[in-house]
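The values are calculated or read from the model by the stated rules, or taken from the named source; none is laboratory data. Everything quoted here is computed from the prediction, not taken from an experiment. Heads up, the Cβs are rebuilt from the backbone with ideal geometry, glycines too, and the neighbour counts pull from every protein chain shown.
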Amino acid sequence: MTAEVLVGKASESVAATLPRRKFTREEYYRMAEVGILREDERTELIEGEIVTMVPIGPEHVAQTTELRERIQRLFGKGYHVREQSPLALGESEPMPDLAVVKGKPADYKHAHPAYAVLVIEVAHSSLPYDRTVKTSLYAKAGIPEYWIVDLEHRQLEVYREPIESPNSAFGYTYRVRKLLQPSDTIAPLERPNRTVRVGRLFIV
């Protein structure tokens, strides 16, 4: 039993050092076109690697749908809130739960947006991933503000001011991290005069 465990750990260590084949966004699109990636598969391209997304449950869907409407009202005209839609961030194409972009949907009929003023992930089982990989990815792309809506603890994590950080997943992180409770209020950087109570970001 001990030998099997040691062999397993050794194999994982060797695998971690092997070179990996990375894909461009164009190759990623082509794989979907020819059927290598099925239409019903939920995947993201993260720094050239294809990542299978965590299955989403009914609570996550309900929360995200309700939150999209509230964030749209918070930002108002001139902004569009995209729900589980791609962002074209270099050689990454994540699909955040919500992304607030300038303009209207028709502005992006020919290409996915390459920038967002705010990205939001609704997290439960994905919380560790959203705190590490996604935080570094969005910081690297220069996204000025990133929120994690923590469903389990009913709190909001706010990340601001992207900076370089050699110890993070992709060499970037955020200088500012705030942990807000339901009774706290928050105003997006892009709309500093519009505040919302954190508790209103969660459905009852």
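Taking the range 1-114 and the strands (runs of 3 or more DSSP E) fully enclosed by it, no element has 1 or more residues that are modelled with pLDDT under 80, in contact with a Cys (Cβ under 7 Å, 6 or more places away or on another chain) and within 24 Å of Phe202 (Cα to Cα). Considering only residues in the range 31-65 that are exposed (fewer than 15 other Cβ atoms within 10 Å of the Cβ) and of a type in the set (Asp, Glu), the one that is nearest to Gly171 (Cα to Cα) turns out to be Glu49.
Would the range 169-189 turn up any residue that is surrounded by 19 or more Cβ atoms within 10 Å (Cβ to Cβ), in a strand (DSSP E or B), more than 14 Å from the chain's Cα centre (by Cα) and touching a residue at least 40 places away in the same chain (Cβ under 8 Å)? No - not one qualifying residue is present in the range 169-189. Within the range 120-132, being within 9 Å of the chain's Cα centre (by Cα), among the hydrophobic types (A, V, I, L, M, F, W, C) and farther than 14 Å from Leu87 by Cα holds for one residue alone: Val122. Scanning the range 154-171 for any residue that is within 23 Å of Tyr115 (Cβ to Cβ), in contact with a helix residue (DSSP H, G or I) (Cβ under 6 Å, 6 or more places away or on another chain), at pLDDT 95 or above and β-branched (Val, Ile, Thr) turns up nothing.
Being in contact with a His (Cβ under 8 Å, 6 or more places away or on another chain), touching a residue at least 60 places away in the same chain (Cβ under 8 Å) and surrounded by fewer than 18 Cβ atoms within 10 Å (Cβ to Cβ), is that true of even one residue in the range 123-131? Taking every residue of the range 123-131 in turn, at least one turns out to be in contact with a His (Cβ under 8 Å, 6 or more places away or on another chain), touching a residue at least 60 places away in the same chain (Cβ under 8 Å) and surrounded by fewer than 18 Cβ atoms within 10 Å (Cβ to Cβ). When you look at Ser136, is it hydroxyl-bearing (Ser, Thr, Tyr), assigned to a loop (DSSP other than H, G, I, E, B) and either touching a residue at least 12 places away in the same chain (Cβ under 8 Å) or within 22 Å of Glu44 (Cα to Cα) (or both), yes or no? Judged against the criteria, Ser136 is not a match.
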